[in-house]
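After the structure tokens below, expect a handful of questions from me.
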């Protein structure tokens, strides 16, 4: 598929409301209580939380949803992922530390993550982290790996195909567009089944349909693939 550059406006960021719970209800309930509107720095437990699962299971979505929920409450957080080659120093103003894709961390990132973790725990701040495997299987420095597995650990399950279809339907309905069964069949058989990729694809299709003033059909998707610049 060609990469398509379309002005589709600002996409809505990940939220707990937009996360399809499916088989992951326990972790969503846990995080919802921690960042809920009734919670505060005084009532939040500082016990860390670690999420693990395969690509497309929703780890990054949930981390970003927690970040946005805290920001809406006026809190600032520390965020570290594998793309940040020079992590900043720990900030005492942070209400929480969020560590994404820890299984990809370099030596420098591991050092920063450990430093953030120790400072956060000293000041009773929450740490939420995510990786592709359970803490014990992570190829990280021992002191960081042991801390990631100290608190609440949740294994996320990838959604089944019926659940992915339900998410696509829900996302399309939220955009006010009709997504027929044959279009969903085409999306699920011709493109990546990873939920994040499917959501990006839906954004592109919706944007192209608005741009061309056409309904979303298989011919429209084929035309989009042909029109996009390489």
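Report the residue, chosen from 63, 144, 210, that carries the largest GNM mean-square fluctuation when the chain is represented by alpha-carbon nodes joined by springs under 10 Å.
Taking springs between Cα atoms under 10 Å, the residue moving most is 210.
For the chain, find the longest principal axis of its Cα atoms and tell me its angle to the long axis of helix 161-175, 0 to 90°, nearest 10.
The answer is roughly 80 degrees.
What residue among 104, 148, 62 shows peak mean-square fluctuation when the chain is described by a Gaussian network model with Cα springs under 10 Å?
104
When a/c reaches 1.5 or more, the comparison of a/b and b/c decides; with that in mind, is the range 25-155 rounded, prolate or oblate per its Cα gyration tensor?
Numbers: a/c = 1.55, a/b = 1.20, b/c = 1.29.
Oblate, because a/c is 1.5 or more while a/b does not exceed b/c.
Which whole number in µm²/s is D for the range 95-176 by Stokes-Einstein, with the Kirkwood Rh taken over Cα pairs at 37 °C and 0.692 mPa s?
Details: Rh = 14.7 Å.
Reported coefficient: 224 µm²/s.
Per the helix-only calculation at 222 nm, which mean residue ellipticity applies to the chain, given -39500 (n - 2.57) for every DSSP H run of n ≥ 4 and division by its residues, nearest 500 deg cm²/dmol? Working shown, then result.
Working: 8 runs with 101 residues, N = 230.
After summing the helix terms and dividing by residue count, I get -14000 deg cm²/dmol.
Pairs of Cα atoms under 8 Å, at least six residues apart: use those to get the relative contact order of the chain, whole percent.
Details: 317 pairs, mean separation 63.4, N = 230.
Averaging sequence separation for qualifying contacts and normalising by length gives 28 percent for the chain.
Can you sort 64, 213, 59 by how many other beta carbons sit within 10 Å, fewest first?
Numbers: 64 16, 213 6, 59 23.
Ascending Cβ contact count within 10 Å gives the list 213, 64, 59.
Roughly how tilted is helix 107-122, in degrees to the nearest 10 and between 0 and 90, from the longest Cα axis of the chain?
Helix 107-122 and the main axis of the chain meet at about 60 degrees.
With each pseudo-label sitting 7 Å past Cα toward Cβ, what's the residue 26-residue 118 distance in nm, one decimal?
Using points 7 Å along Cα→Cβ, the separation is 3.2 nm.
Under 18 Å from a point placed 7 Å out from the Cα of residue 55 along the Cα-to-Cβ direction: which residues of the range 178-221 have their backbone N that close?
From the range 178-221, the list is 188-202.
Now for a different question. Fewest to most neighbouring Cβ within 10 Å: what's the order for 118, 97, 47? Could you put the intermediate results ahead of the total?
On the way: 118 15, 97 24, 47 12.
With the sparsest Cβ surroundings first, the list reads 47, 118, 97.
Taking the 0 to 90 degree range and rounding to the nearest ten, how far is the long axis of helix 218-227 tilted relative to the main principal axis of the chain, both from C-alpha atoms?
Tilt of helix 218-227: around 80 degrees.
If each residue's Cβ is checked for other Cβ atoms within 10 Å, how do 218, 205 rank with the fewest at the top?
Values: 218 14, 205 24.
Fewest to most other Cβ atoms nearby, the residues stand as 218, 205.
None of the figures in this text is laboratory data; all of them are computed from the coordinates on show. None of these values were measured; they are calculated from a predicted model. Reconstructed Cβ throughout: ideal geometry from the backbone, glycine too, with neighbour counts over all protein chains shown.
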